[in-house]
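**Q** One structure, as structure tokens, below. Some questions next.
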Amino acid sequence: MPKSEKGLSPLEKYEQHFAATLRALMEESGTTQKELADFVGVRPQTLSLYSTGETQPNCDKLLKIAEYFHVTVDYLLTGTVIENIPVYKMLGFSESTVQNIQLVKQGYFEDTPAMLAMLDCLLSDKDFYTALEMAAHWHDEKQGAADEYQEYCEWKAAHYMQGYLLDFFKRDFAAIYNEK
């Protein structure tokens, strides 16, 4: 099959996500190209090009199409409805982690405002991830090593996390408690 200027064959363009989603929404709702084109502010021929994948709408037109069908732009482009993705999957956390954070948010613990601020501060600090990375490195280094070296690796992993947390609390603890 011949390739177009952008490197995609007509069939590949036709099967692109946006074009397929647009056709499906139009079919499901019984919307004609003329109706949607009038709403979006384009010619029906332009809408035809959108639905075959020959061209894509600019941001303004994309928003109008999403508005017409009462869907999000991410749905038009990816077919994924963000609201339907559980938070823990979206973030890559376990379900229990998200449940525990929800408990904090709901006031389950006595000092909830400070805990939320600490978690926010901790998770937004790039140094936290560096310390985790170093601790993980030393944990991995321990695997299959001699007993004495395993103890050293455990100490190094703990040392990185302990050092980070001590610095974190010295640096951020007072600010967190003053904000709440």
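**Q** Given 51, 96, which one is touching a Lys or Arg at 6+ places or on another chain (Cβ under 8 Å) and outside any loop (DSSP other than H, G, I, E, B)? Lay out the reasoning, then the answer.
**A** Working: 96 fails: touching a Lys or Arg at 6+ places or on another chain (Cβ under 8 Å).
Residue meeting the stated conditions: 51.
**Q** I need every pair where a residue in segment 153-180 that is modelled with pLDDT of 75 or more has its Cβ under 8 Å from the Cβ of a residue that is in a helix (DSSP H, G or I) and of a type in the set (Asp, Glu), sequence separation at least 6 or different chains.
**A** 153/141; 156/141; 164/127; 167/127; 168/127
**Q** Restricted to segment 19-46, and to residues that are crowded, with 17+ Cβ neighbours inside 10 Å and under 30 Å from the mean Cα position of the chain (by Cα), which residue is farthest from residue 8 (Cα to Cα)?
**A** The selected residue is 40.
The values are calculated or read from the model by the stated rules, or taken from the named source; none is laboratory data. Remember, it's a predicted structure, so these values are computed and weren't measured experimentally. Heads up, the Cβs are rebuilt from the backbone with ideal geometry, glycines too, and the neighbour counts pull from every protein chain shown.
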